[in-house]
Amino acid sequence: MAIYPFMTIDDDIEVVHTELTADNTVKVYFEQPVESGFNSIECTIPEYKWEKNKGFNEEQLKYLDKYLHDVEDIIFELAAEGGFDACKDTENGQIKELAYQARIKELEKKIHEVPEEYLQAVELYIDYIIERHNK
């Protein structure tokens with residue numbers, strides 16, 4: 001079974017995926033270098049069956065799950081087409097690759113968005129701390 005590189009996300013987590021299987025599933029692998037080796041986990045989509053977690057904590061798993069839900073469509077498309085490498089073979093494929101990259105960038109922005117209310121609360125808290133410090 002072919003494995004295709006997808007991207008590197010926060011904290012140097014590498015994301016790769018398999019080709020689309022006959023039963024229309026894709027296995028996605030996450031791997032993060034750490035001092036003692038690697039944290040790793042795999043997930044079969046679309047079932048979201050998470051397996052073989054080695055080192056990722058609960059907060060990281062929530063992040064990976066949200067991330068995977070956000071990029072699932074792109075991964076399925078790439079898995080069916082032969083990954084990003086298949087896109088590089090033709091001019092049309094190169095345009096497709098750029099389109100995928102643009103979609104991924106938009107999703108990354110969405111993933112890292114912080115609610116405005118949270119930012120306002122943090123600003124108020126910082127102002128309060130500064131005010132207390134200056135008294």
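Of all residues in the stretch 54-68, those being in a helix (DSSP H, G or I), touching a strand residue (DSSP E or B) at 6+ places or on another chain (Cβ under 9 Å), more than 13 Å from Asp11 (Cα to Cα) and of a type outside the set (A, V, I, L, M, F, W, C) number 2. Of all the listed residues (Ile74, Ile111, Ile95), the sole one being modelled with pLDDT under 85, in contact with a Phe, Trp or Tyr (Cβ under 7 Å, 6 or more places away or on another chain) and surrounded by fewer than 16 Cβ atoms within 10 Å (Cβ to Cβ) is Ile111.
Filtering the stretch 21-36 to residues that are assigned to a strand (DSSP E or B) and either small (Gly, Ala, Ser) or in contact with a Gly (Cβ under 9 Å, 6 or more places away or on another chain) (or both) leaves Gln32, Val34. Considering the conditions (1) touching a helix residue (DSSP H, G or I) at 6+ places or on another chain (Cβ under 9 Å); (2) modelled with pLDDT of 90 or more, Lys49 is excluded by exactly one of them, (1). Filtering the stretch 52-71 to residues that are farther than 16 Å from Phe6 by Cβ and surrounded by 15 or more Cβ atoms within 10 Å (Cβ to Cβ) leaves Asn53, Phe56, Gln60, Leu61. Cβ-Cβ contacts under 7 Å between residues 6 or more apart (or on different chains), taken from a first residue in the stretch 54-67 that is modelled with pLDDT under 90 to a second residue that is aromatic (Phe, Trp, Tyr) and assigned to a helix (DSSP H, G or I), are absent.
Residues in the stretch 35-51 that are of a type in the set (A, V, I, L, M, F, W, C) and over 21 Å from Gly83 (Cα atoms) were compared, and the one that is surrounded by the fewest Cβ atoms within 10 Å (Cβ to Cβ) is Phe38. What's the number of the only condition in (1) buried (at least 18 other Cβ atoms within 10 Å of the Cβ); (2) closer than 23 Å to Gly82 by Cα; (3) at pLDDT 90 or above that Gln32 fails to meet? (2) is the only condition that Gln32 fails.
The values are calculated or read from the model by the stated rules, or taken from the named source; none is laboratory data. These numbers come from a predicted model, not from an experiment. Ideal geometry is used to build each Cβ from the backbone, glycine not excepted, and the neighbour counts take in all protein chains shown.
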